[in-house]
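Asks: Mind looking over this structure? Questions follow.
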Amino acid sequence: MRPGHPLDDLLRTDRIPSIWCPGCGIGTAFSSCLTAIKESKIDPKKIVMVSGIGCSGRAAGYVKLDSFHTTHGRAIPFATGLKLARPDLTVIVFSGDGDLFAIGGNHFIHAARRNVDITVICVNNFNYGMTGGQAAATTPTMAKTPTTPFGNPETPFNLPLMAYASGAVYVARWTILHSRDITESINESLAKTGFSFVEVLSPCPVNYGRRNKEKPLDTLKIYKDKTIIKNGAHPTQADLDYEKGIILGKFIDINRPTFGERYEKICRQDKPQ
Amino acid sequence: MKFWRVPLDADEIHVSKGIVYILEDRCKGCGYCIEFCPQQVLEFSSLFNKMGYHLPSVKKPDDCLNCHYCEIICPEFAIYSVEVTGEESEIRGQGSEKHNETGS
Ligand code: SF4
Ligand code: SF4
């Protein structure tokens, strides 16, 4: 008898195939995340996945766990509330760069500052894929999109640096080619107490790749040739510059008190009258 | 497997073997599994699935080492490998048969 796919028990298989385009990397990042959930041995009833709007946001609808597909940019505030009300749950935010860093950018920095005990996985495909590929806060300089036909004049965010500077206790970046490393980083994040951030660089062949003359396999070859793994590198080196090479690895793994712990101690103690 | 230098403990090392299964109805024909299999086990077949995507097929079933890389790079949960143990090795090569979705 033929066995089923090893991740089928974590998938709403009736919704698969996904809406993701052929060659889109979100599925690989999602699959690495499910593998990490499986390996973590955490009771699936105690894990919740929250996502926002965008192609990556669809993940919450494909996972067979308690999950919530929030309004645009609001995955992190929803997750923060969830974690404060139910500290026994492991809360994962799985969303895209547009949702987490453009419309939801403020929520990201403040959740990291407070050190809310959640794991945030950002699939970064450098553009607003779902709405037609417009330039986003993560689009590399000179990249072509429908809103930057002459090339993007802006500088993209360095997401690991932003996470670190805002206060995240765990920061890593990989590409979808490094699926085993993504799984390992997510596993470490799930075990970590505090705000953990994993960025996954991923091709968007239809909206980003096509306009920048990259077929899906070309993008993966760029990931192979132009990335350098440097665990422990300072996030200031992690800017998205293909000329000098894109730094991947686990950058930050530190400890500091979480928002939940402090809130419990400072605001909920039985104070003498 | 080709070695640049045969390791001294080559006889003691257990080299695993795998069977690759392809769930044809899920595949979107991106070719990542074909391109990145370290053993070049897969190739594009001449077949298309019902959504019109060009499917991979198993070209060299005996070369699969059950490394699972095709499984973890596939964005569509459409391919996976399973370790072959002694008696199962005869059923090798049946990997590209159509998957029966019932019960999954
Ligand atoms: S398990 Fe590894 S060796 Fe076997 S087909 Fe997949 S990628 Fe190739
Ligand atoms: S990686 Fe998955 S979706 Fe892509 S061709 Fe292989 S089996 Fe099909």
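The values are calculated or read from the model by the stated rules, or taken from the named source; none is laboratory data. Since this is a predicted model, take the numbers as computed values, not measurements. When we count neighbours, we look across all protein chains shown, and the Cβ atoms used for this are built from the backbone with ideal geometry, even at glycine. The accessibility values were calculated without ligands, DNA or RNA, using every heavy atom of the protein model including side chains. Shrake-Rupley method; radii C 1.70, N 1.55, O 1.52, S 1.80 Å.
Asks: Answer yes or no: is there a residue in region A:194-208 that is in contact with a helix residue (DSSP H, G or I) (Cβ under 7 Å, 6 or more places away or on another chain) and surrounded by fewer than 20 Cβ atoms within 10 Å (Cβ to Cβ).
Replies: no
Every residue, every condition in (1) within 15 Å of ligand 2 (Cβ to nearest atom); (2) buried (at least 19 other Cβ atoms within 10 Å of the Cβ), yes or no:
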site: A:Pro3; (1), (2): no, no
site: A:Arg12; (1), (2): no, no
site: A:Arg15; (1), (2): no, no
site: A:Gly25; (1), (2): yes, yes
site: A:Ala29; (1), (2): yes, yes
site: A:Cys33; (1), (2): no, yes
site: A:Ile37; (1), (2): no, yes
site: A:Ser40; (1), (2): no, no
site: A:Pro44; (1), (2): no, no
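Asks: Determine whether region A:74-87 contains at least one residue that is modelled with pLDDT of 95 or more, open to solvent by less than 10 Å² (accessible area, probe 1.4 Å) and not aliphatic (A, V, I, L, M).
Replies: No: region A:74-87 contains no residue that is modelled with pLDDT of 95 or more, open to solvent by less than 10 Å² (accessible area, probe 1.4 Å) and not aliphatic (A, V, I, L, M).
Asks: Keeping to region B:27-55, report how many residues are in contact with a helix residue (DSSP H, G or I) (Cβ under 7 Å, 6 or more places away or on another chain), more than 9 Å from ligand 1 (Cβ to nearest atom) and open to solvent by less than 60 Å² (accessible area, probe 1.4 Å).
Replies: Number of matching residues: 3.
Asks: Scanning for something part of a loop (DSSP other than H, G, I, E, B), farther than 21 Å from A:Thr131 by Cα and either at pLDDT below 95 or more than 9 Å from chain B (Cβ to nearest Cβ) (or both), does region A:17-33 turn up at least one residue?
Replies: no
Asks: Sticking with this one: Restrict the check to region A:92-115 and report whether at least one residue is open to solvent by less than 10 Å² (accessible area, probe 1.4 Å), part of a helix (DSSP H, G or I), polar (S, T, N, Q) and under 24 Å from A:Ser189 (Cα atoms).
Replies: no
Asks: Just need a number here: residues in region A:178-193 that are surrounded by fewer than 24 Cβ atoms within 10 Å (Cβ to Cβ) and among the hydrophobic types (A, V, I, L, M, F, W, C).
Replies: Residues in region A:178-193 being surrounded by fewer than 24 Cβ atoms within 10 Å (Cβ to Cβ) and among the hydrophobic types (A, V, I, L, M, F, W, C): 2 in total.
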